[in-house]
1. For segment 62-71, take each phi angle, set θ = phi - 60°, evaluate the Karplus expression 6.51 cos²θ - 1.76 cosθ + 1.60, and give the result in whole Hz per residue in order, putting x for glycine and proline.
2. How far is it, in nm, from the label point at residue 112 to the one at residue 48 when both lie 7 Å from their Cα along the line to the Cβ?
3. Per-residue ellipticity at 222 nm for the chain, helices alone: DSSP H runs ≥ 4 residues times -39500 (n - 2.57), over residue total, nearest 500 deg cm²/dmol?
4. Hey, what angle do you get for helix 84-93 against the long axis of the chain, alpha-carbon based, 0 to 90 degrees rounded to 10?
5. Taking 0.36 nm per residue of separation and subtracting the Cα-Cα distance, what length does fully extending residue 67 through residue 152 add?
6. Just the number: Rg to Rh for segment 121-218, Cα atoms, Kirkwood Rh, two decimals.
7. With label points built 7 Å along Cα→Cβ from the Cα atoms of residue 138 and residue 105, find their separation and express it in nm.
8. Amide H of residue 104 versus every other amide H placed in the peptide plane: which residues, excluding those fewer than 5 positions away on the same chain, fall under 5 Å?
Amino acid sequence: MIRVFALLARRADLSREAFQAHYESHHAPMAEALIPEYRHYVRNHVRESYGEAEAGFDTLSEFGYSDLESFQIVGARMAAEAGAALRADELNFMDKSRNLFFLAQPHAASGNVDGLPGPETLRVALLCRRPASWESGDYAAAVEDALRPLLDTALAWEHWAAEPTATTKGRSQETPYDTLSLVTWAKNAFDADALRDCPIEAEQTQRLRVETRVSKRC
């Protein structure tokens, strides 16, 4: 399966709440109707940052495709007349100049990731960029090791290694993060201080509580 992650940002004249409300009430249903090839379509709406600089995006979306053919079909449809309404709606709430899309490869996972999250759970997205001093070795594995005390208390988690090149408005640039983790806890087991204090060797990190909306999950 091919997994694409997107860091999506709001227009400057909109609040984060307005951006996310439009996404869920209007844009996501349009995308579901237009793109039946999605095997996986999840929106992780940023709610809170734990001790880091403000995230430069408002929603972390996940798009999954069965294979390269499905991925190419969707890309062609979005670029053609069929995708015109969806592209036009993006301008109603997104700052497309700040949106970033990148492929990621699964590194490790645990727990019932298909069945979560739920009303009694809390989900966190952790994004890490390797430090400039990092010379060699498996950075995704090093981040996973650093997160291990947190992961061992979680109901489920997924850990991904990002591809080095991202796209924004059809142009290539460096992906701002090297790893991405999505971790789900029972609300009564979540420790925000432990998350803030978890030592990760990174140039920069984002530790974000997210509210997850699922259309499809494979």
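Derivation of every value follows stated rules applied to the coordinates shown; laboratory data play no part. Small disclaimer: the values here were computed from a predicted structure and weren't measured. Positions of Cβ are generated from backbone atoms using ideal geometry, with glycine treated the same way; all protein chains shown enter the neighbour counts.
1. Ordered by residue, 3J(HN,Hα) equals 10, 10, x, 10, 5, 7, 5, 4, 4, 4 Hz.
2. So the two model labels end up 2.5 nm from each other.
3. Details: 6 runs with 55 residues, N = 218.
Mean residue ellipticity, 222 nm, calculated: -7000 deg cm²/dmol.
4. Helix 84-93 and the main axis of the chain meet at about 50 degrees.
5. Details: separation 85, 0.36 × 85 = 30.60 nm, distance 3.21 nm.
Full extension of this stretch gives 27.4 nm more.
6. Values: Rg = 14.4 Å, Rh = 14.5 Å.
In segment 121-218, Rg relative to Rh is 0.99.
7. My value for the distance between the label points is 1.1 nm.
8. Excluding prolines and chain starts, which carry no amide H, the hits are 3, 5, 163.
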